[in-house]
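Visitor: A single structure is presented below for examination.
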Amino acid sequence: MITNEATERVRGWFTGRLPEEWRVAPPEITVDRDEITVVLTVADVDLPDGSSDSERAEARAGRAKAFREDTRERRIRVAREAQHRYERKVSWAVRVGDRTELFTHVAAPTMTRLRQPERLVLDTLVDAGVARSRADALAWCVRLVKQHEEDWLAQLREAMGHVADVREQGPAA
């Protein structure tokens with residue numbers, strides 16, 4: 001289990017270790033049992049007024065690519081230090097404006113047992129061409145839940161509040 005303190009320690013180490021010129025904002029650090037993901041924010045592109053969305057998107061893609069290539073050797077050194085220190089792989093991403101590009105990442109296999117109704121959901125996604133395999137379909141489902149997690153968690157917290165209210169109204173133990 002990853003504690004808040006463990007995440008704070010990793011975040012602090014990277015904040016102290018990363019060169020200032022790599023960011024215009026503090027790094028965004030995510031830690032799980034397999035991986036540390038470091039998202040660096042670099043300066044947005046400066047385009048003339050009236051530039052099209054596609055021109056801006058391509059300029060941002062170019063800035064992200066240049067950052068990746070220009071910092072590769074230093075990122076590898078920092079990643080090796082962190083991997084030795086925290087015993088996790090380090091993945092990198094860069095944010096330029098509203099574009100975030102993940103350079104490296106761990107695709108960790110996850111084992112699960114599903115009953116037929118759940119397998120049918122995955123098979124429907126495969127048959128519809130949404131996913132290439134059950135594994136891809138399951139990853140798609142997880143991404144969908146992630147998109148809606150804040151709404152769901154807010155509803156869950158509200159429901160837990162109702163349960164607490166009902167418990168208080170019941171007989172005293």
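Visitor: Suppose the chain between residue 65 and residue 168 were pulled fully straight at 0.36 nm per residue; how much longer would it get relative to their current alpha carbon spacing?
Guide: Separation in residues times 0.36 nm, less the Cα-Cα distance, equals 31.3 nm.
Visitor: Multiplying the sequence separation of residue 34 and residue 150 by 0.36 nm and subtracting their Cα-Cα distance, what value in nm do you get?
Guide: Gain on stretching residue 34 to residue 150: 39.4 nm.
Visitor: Tally up the carbon and sulfur contribution to the accessible surface of the stretch 20-168 as a whole percent, 1.4 Å probe, everything protein left in place.
Guide: Within the stretch 20-168, the accessible surface is 51 percent carbon and sulfur.
Visitor: May I ask for the angle, rounded to the nearest 10°, between helix 53-86 and the longest principal axis of the chain, with both axes built from Cα atoms and the value confined to 0 to 90°?
Guide: Roughly 80 degrees between the two axes.
Visitor: Can you give the calculated 222 nm mean residue ellipticity of the chain, where each DSSP H run of n ≥ 4 adds -39,500 (n - 2.57) and the sum is split over every residue, rounded to the nearest 500 deg cm²/dmol?
Guide: Here the helix-only value at 222 nm equals -19000 deg cm²/dmol.
Visitor: Of the chain, which part is the longest with no trypsin sites (Lys or Arg not before Pro) in a loop (DSSP not H, G, I, E, B) and with at most 11 other C-beta atoms within 10 angstrom?
Guide: 34-112
Visitor: Would you kindly give the portion of the calculated P(r) for the stretch 1-105 that falls above 18 Å, as a percent of all Cα pairs?
Guide: Looking at the stretch 1-105, the distances longer than 18 Å represent 48 percent of pairs.
Visitor: Rolling a 1.4 Å sphere over the protein heavy atoms, what is the accessible area per residue of the chain, to the nearest Å²?
Guide: With all protein chains present, the chain gives 74 Å² per residue.
Visitor: Relative to the longest principal axis of the chain, what angle (0 to 90°, nearest 10) does the C-alpha long axis of helix 116-127 take?
Guide: 40 degrees
Visitor: Another question, if that's okay. Can you give me the solvent accessible area of residue 156 with a 1.4 Å probe, rounded to the nearest 10 Å²?
Guide: Near enough 70 Å² of accessible area.
Visitor: Between helix 4-17 and the chain, what is the angle of the helix's C-alpha long axis to the longest principal axis, kept within 0 to 90° and rounded to the nearest 10?
Guide: Helix 4-17 sits roughly 0 degrees off the main axis of the chain.
Visitor: Take the Cα pairs of the stretch 33-173, get the Kirkwood Rh, then feed it into Stokes-Einstein at 20 °C and 1.002 mPa s and tell me D in µm²/s.
Guide: This corresponds to a translational diffusion coefficient of 109 µm²/s.
The values are calculated or read from the model by the stated rules, or taken from the named source; none is laboratory data. Fair warning: this is a prediction, and the values are worked out from it, not measured in the lab. All Cβ positions, glycine included, derive from the backbone under ideal geometry; neighbour counts span all protein chains shown. We work out accessible area using only protein heavy atoms, side chains counted, and drop any ligands, DNA or RNA first. Shrake-Rupley method; radii C 1.70, N 1.55, O 1.52, S 1.80 Å.
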